[in-house]
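Okay, handing you the structure first.
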Amino acid sequence: MRIASFGIFILLVFGCGLTALAQDDPIDMVESEIVLPAPASKVIALNHKYDIGEILDVSWESSTSDPELVFGYIIYRSEGDNKFDSVGAVLSKINSFSDEELIPGKSYNYQIGTIGASGVALSEPSEPAIPDWELFNLEMWNIALIGFIICGAVIAYIFSAKAGRKLFIRKIGGLEALEEAVGRATEMGRPILFIPGIQDMDDVQTLAAITILGKVARVVADYDSKIMMPVSRSLVMTSARETIKEAYLSAGRPDAYSDDMAYYVTDEQFGYVAAVNGLMVREKPATCLYLGAFFAESLILSETGNSIGAIQIAGTARPGQLPFFVAACDYTLIGEELFAASAYLSGDPKQLGSLKGQDLGKVVAMVAIVLGTLAATLASAWDIEIMQKFLDNVMLGIFSNH
Amino acid sequence: MKRTVPLLITGIVGTVLIVSVLIPPAQSLGEDFSLFFDIIAVFAFFLGGGNLFRIHLKKVFHRKEDYGFSIVTLVGFLVTLTIGLFKIGNPEGISGSITAAGSGLQTIFVSIITPLSSTMYALLAFYVASASYRAFRAKNREATILLVSAFVILLGRTPLGMMLTGWIPEQFSIFQIPNLAVWIMNSANLAGQRSILIGVGLGVVAMSLRLILGMDRTYLGSDK
């Protein structure tokens with residue numbers, strides 16, 4: 001038995017060896033006919049602009065071989081010791097690659113391998129390149145300039161108001177009606193419903209809603225009315241509670257405050273809508289305030305509020321939802337009015353000054369629109385080259401996002 | 001102290017987030033602050049869940065009006081939480097993905113939450129009809145313009161628009177209802193939307209400055 005096993009083993013070993021030898025011949029034959037694709041050329045590695053010194057951009061000229069026979073490129077990197085390791089691969093139509101997570105200040109060389117049916121053809125190595133970082137993103141100069149002008153104007157008007165200069169701020173109907181709406185609810189003995197949208201505290205509209213809540217809660221505390229605030233985000237609930245609590249404290253009525261005034265319902269959009277609609281139908285609030293970021297639920301909420309006869313004030317910065325609020329609510333704060341509400345309601349000259357500062361931004365926008373429209377009309381209707389250049393170089397240079 | 005710390009945090013984080021757009025080395029700080037928010041939001045979720053449970057339990061315990069709804073909420077909350085936490089019915093077991101096909105949580109989502117959400121969303125169709133009826137009544141000049149625009153767009157989005165005005169010669173094709181609808185949407189409507197967005201952008205800048213400079217403290221409860 002042992003002898004038989006040994007015999008089979010010997011046979012297998014020899015069999016494998018013979019098979020390998022038999023296969024060696026054709027491979028040798030093919031190797032003699034191997035034609036590698038033409039390698040990529042002009043490999044250049046450059047520092048990636050405006051990063052933190054961790055990226056190099058590698059580019060090359062594609063292989064001159066038949067594109068159908070080139071499957072792609074492998075990017076090899078060396079850290080100056082001529083030992084090239086693969087760091088990525090791209091398809092044959094692409095001739096650039098961004099090598100990320102490098103060490104700033106270190107020197108790197110690159111080689112490109114062109115993948116063909118018969119093997120990989122290596123290019124000449126690139127010149128060494130060093131990833132470096134820049135302090136300022138100069139590509140964003142236009143954003144910085146516009147931001148500087150607008151922020152500067154806002155701050156200048158704040159100081160101007162602080163110095164006692166009288167500023168004219170137009171009346172905002174929705175905000176003028178706020179106190180009246182709370183008063184109406186108090187008279188009717190019914191609660192006030194405050195909905196701060198369905199986004200979290202990282203949305204500026206929710207933040208705007210919370211700042212308005214502070215004012216509303218203060219009036220509610222003064223009038224000894226009742227506020228209900230179901231929310232769809234836990235963080236909004238905690239912020240809202242703090243805001244309402246502080247408002248009651250500053251009104252001198254801490255005893256009237258309850259944690260149940262602001263409570264969490266669900267993050268699920270339509271689950272939240274169902275809960276709020278049910279609450280509206282059961283509790284019949286006299287005043288409904290919808291201020292913040294809203295989506296498809298805007299009309300469902302405001303139509304339900306309309307059906308129970310509540311006075312409704314809405315405000316959002318989402319243009320898509322504004323028509324629904326305009327159709328269903330008594331007052332709507334359109335876009336910027338939502339963000340202006342807190343300053344407007346405070347009556348503080350410094351805060352009102354910031355509203356005035358926005359106007360300079362509007363002037364810049366209006367001038368740009370008029371100039372751009374004129375230049376585009378002249379360039380296309382009368383084929384005036386200088387206008388086209390003005391559009392391409394000046395207007396797009398300043399107002400496009402790089 | 002209670003006010004100074006939040007004001008300092010707001011000022012520093014706000015400034016860093018603005019500066020990180022222009023200064024590449026500060027970019028990672030901006031990303032880190034966004035991550036901090038996510039971490040805080042996760043912890044706040046426990047507060048939210050706890051609050052939901054407490055409020056509805058109190059309502060049931062005190063037999064308050066409509067406490068039946070609270071029972072439904074509590075049962076739904078606890079059942080979903082248990083199935084999700086212990087991955088009950090998960091074909092891949094406790095170590096499997098929470099969203100694995102056929103798992104208990106996935107079944108709840110597909111069989112209960114999705115149909116209920118769709119039902120709520122479907123209500124929108126009826127609300128759009130009732131709101132449109134009120135908005136489109138030609139009671140003044142603006143409402144009349146709104147009515148006419150809406151009528152043109154409604155017709156333009158249906159084959160009837162082309163059937164009615166398809167005979168208009170090519171050189172006056174702008175007056176064909178489908179083309180008029182496209183013009184209203186792409187020119188008049190878009191211009192209006194963009195003007196609102198410009199105002200929103202400026203409003204955000206002014207409000208952010210008020211918060212960063214600590215002038216608007218209403219989010220802390222009072223502006224003192």
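With unit charges on the beta carbons (Lys and Arg positive, Asp and Glu negative) and the dipole taken about the Cα centre of chain B, which residue among B:Phe61, B:Leu105, B:Gln171 sits farthest to the positive side?
Checked the options; the winner is B:Phe61.
Also, quick follow-up: Of all chymotrypsin sites (Phe, Trp or Tyr not before Pro) in the stretch B:39-124, which ones are in loop regions per DSSP and have a Cβ with at most 13 other Cβ atoms within 10 Å?
Values: sites: B:Phe43, B:Phe45, B:Phe46, B:Phe53, B:Phe61, B:Tyr67, B:Phe69, B:Phe77, B:Phe86, B:Phe109, B:Tyr121; in loops: B:Phe86.
Of the chymotrypsin sites (Phe, Trp or Tyr not before Pro), the ones in loops of the stretch B:39-124 whose Cβ has at most 13 other Cβ atoms within 10 Å are B:Phe86.
Separate question: Would you work out which of A:Leu345, A:Pro196, A:Pro128 lies farthest towards the positive end of the dipole of chain A, given +1 charges on the beta-carbon of Lys and Arg and -1 on that of Asp and Glu, about the Cα centre?
So the residue we want is A:Leu345.
Rounded to the nearest 500, what is chain A's calculated 222 nm mean residue ellipticity when only DSSP H runs of at least 4 contribute -39500 (n - 2.57) each, over all residues? Write down the numbers at each step before the final one.
Details: 12 runs with 191 residues, N = 402.
The helix-only estimate for chain A comes to -15500 deg cm²/dmol at 222 nm.
Give me the angle, in degrees from 0 to 90, between the Cα long axis of helix A:336-346 and the longest principal axis of the Cα atoms of chain A, rounded to the nearest 10.
Here the helix axis deviates by roughly 40 degrees.
Here is a further query. Over the whole of B:44-50, what's the average partner chain Cβ count within 10 Å per residue? Rounded to a whole number, please.
6
Further, regarding this structure: Please sort by residue number the chymotrypsin sites (Phe, Trp or Tyr not before Pro) in the stretch B:153-224 whose DSSP state is loop and whose Cβ has at most 12 other Cβ atoms within 10 Å. Present the calculation step by step, with values, prior to reporting the outcome.
Numbers: sites: B:Trp167, B:Phe172, B:Phe175, B:Trp183, B:Tyr219; in loops: B:Trp167.
Loop-located and lightly packed - B:Trp167.
Here's another thing I want to ask about it. Quick one: Karplus J couplings for the stretch A:258-273, per residue in order, coefficients 6.51, -1.76, 1.60, θ = phi - 60°, nearest Hz, x for Gly and Pro?
With coefficients 6.51, -1.76 and 1.60, one gets 9, 4, 6, 5, 10, 9, 7, 10, 6, 7, 5, 3, 7, x, 5, 4 Hz.
Relative to the longest principal axis of chain A, what angle (0 to 90°, nearest 10) does the C-alpha long axis of helix A:234-250 take?
Rounded to the nearest ten degrees, it is 30.
Turning to a different aspect of this structure: When the chain is fully extended, how far beyond the present Cα-Cα distance does B:Val148 get from B:Phe175, taking 0.36 nm per residue of separation? All intermediate terms of the calculation are to be shown ahead of the outcome.
Details: separation 27, 0.36 × 27 = 9.72 nm, distance 1.40 nm.
Extending this stretch completely gives an extra 8.3 nm.
Would you look at the GNM of chain A, springs on alpha carbons closer than 10 Å, and say which of A:Thr243, A:Thr373, A:Thr211 moves the most?
A:Thr373
State which stretch of chain B is the longest one without any exposed GluC sites (Glu not before Pro), exposure meaning a DSSP loop state and at most 13 other Cβ atoms within 10 Å.
Details: sites that count: B:Glu65, B:Glu92.
Maximal segment without exposed cleavage sites: B:93-224.
Which helices count as membrane-span-like in chain B under these terms: full DSSP H, at least 30 Å along the axis by C-alpha, Kyte-Doolittle mean of 0.0 or more? Let's see the in-between values first.
Details: long enough: B:27-61 (51 Å, 0.88); B:114-135 (31 Å, 0.67); B:190-212 (32 Å, 1.52).
Once both thresholds are applied, what remains is B:27-61, B:114-135, B:190-212.
Under a 5 Å amide H to amide H cut-off, with H placed in plane at 1.01 Å, what residues pair with A:Tyr50 once short-range neighbours are removed?
A:Glu134
Do you know which residues of the stretch B:187-202 lose at least 10 square angstrom of accessible area in the protein assembly compared with their chain on its own, with a 1.4 angstrom probe?
Correct list: B:Gln193, B:Ile196, B:Leu197, B:Ile198, B:Gly199, B:Val200, B:Leu202.
Just the number please: accessible area per residue for the protein assembly as shown, 1.4 Å probe, all protein chains included, in Å².
Working: 34320 Å² over 626 residues.
Per residue, the protein assembly as shown has an accessible area of 55 Å².
Between A:Ile386 and A:Ser98, what's the calculated FRET efficiency when r is the beta-carbon distance and R0 is 35 Å? Round to 0.05. Don't skip to the end; give the middle numbers.
On the way: r = 38 Å, r/R0 = 1.08.
That gives a FRET efficiency of 0.40.
Rounding to the nearest 20 debye, state how big the charge dipole of the stretch A:41-122 is about its Cα centre with +1 on each Lys and Arg Cβ and -1 on each Asp and Glu Cβ.
Values: 6 positive and 12 negative charges, 33 e Å.
Charge dipole of the stretch A:41-122: 160 debye, to the nearest 20.
If you don't mind, there's one more thing I want to ask. Mind listing the long-range amide H neighbours of A:Met228? Cut-off is under 5 Å, sequence gap 5 or more, other chains count too, H placed in the peptide plane at 1.01 Å from N.
For A:Met228, whose amide H was placed from the backbone, the distant partners under 5 Å are A:Ile192, A:Leu193, A:Phe194.
Across the stretch A:146-161, in residue order, what do the Karplus-derived ³J(HN,Hα) couplings come to in whole Hz, using 6.51 cos²θ - 1.76 cosθ + 1.60 with θ = phi - 60° and x for Gly and Pro?
Here the 3J(HN,Hα) series is 5, x, 5, 4, 5, 4, x, 5, 4, 5, 4, 5, 4, 5, 4, 5 Hz.
Which of the trypsin sites (Lys or Arg not before Pro) across the stretch A:62-162 are loop residues per DSSP, with 10 or fewer other Cβ within 10 Å?
On the way: sites: A:Arg77, A:Lys83, A:Lys93, A:Lys106, A:Lys162; in loops: A:Lys83, A:Lys93, A:Lys106.
Passing both the DSSP loop test and the Cβ count: A:Lys83, A:Lys93.
Okay, next question. In nm, to one decimal, how far is the modelled label at A:Ser41 from the one at A:Ala89, with both set 7 Å along Cα→Cβ?
2.6
With point charges of +1 on the Cβ of Lys and Arg and -1 on the Cβ of Asp and Glu, referenced to the Cα centre of the protein assembly as shown, which listed residue (A:Ile158, B:Gly14, B:Pro25) lies farthest in the positive direction of the dipole?
Comparing the listed Cα positions along the dipole, A:Ile158 ranks first.
Follow-up. So what is the 222 nm mean residue ellipticity for chain B from helices alone, if each DSSP H run of at least 4 adds -39500 (n - 2.57) and you divide by all residues, rounding to the nearest 500 deg cm²/dmol? Working shown, then result.
Details: 9 runs with 153 residues, N = 224.
Rounded to the nearest 500, the figure is -23000 deg cm²/dmol.
The values are calculated or read from the model by the stated rules, or taken from the named source; none is laboratory data. None of the values given here were measured: they were computed from a predicted structure. Because the Cβ atoms are built from the backbone with ideal geometry, glycine has one as well, and the counts that use them run over all protein chains shown. What goes into the accessible areas is simple: the full protein's heavy atoms, side chains included, and nothing from ligands, DNA or RNA. Shrake-Rupley method; radii C 1.70, N 1.55, O 1.52, S 1.80 Å.
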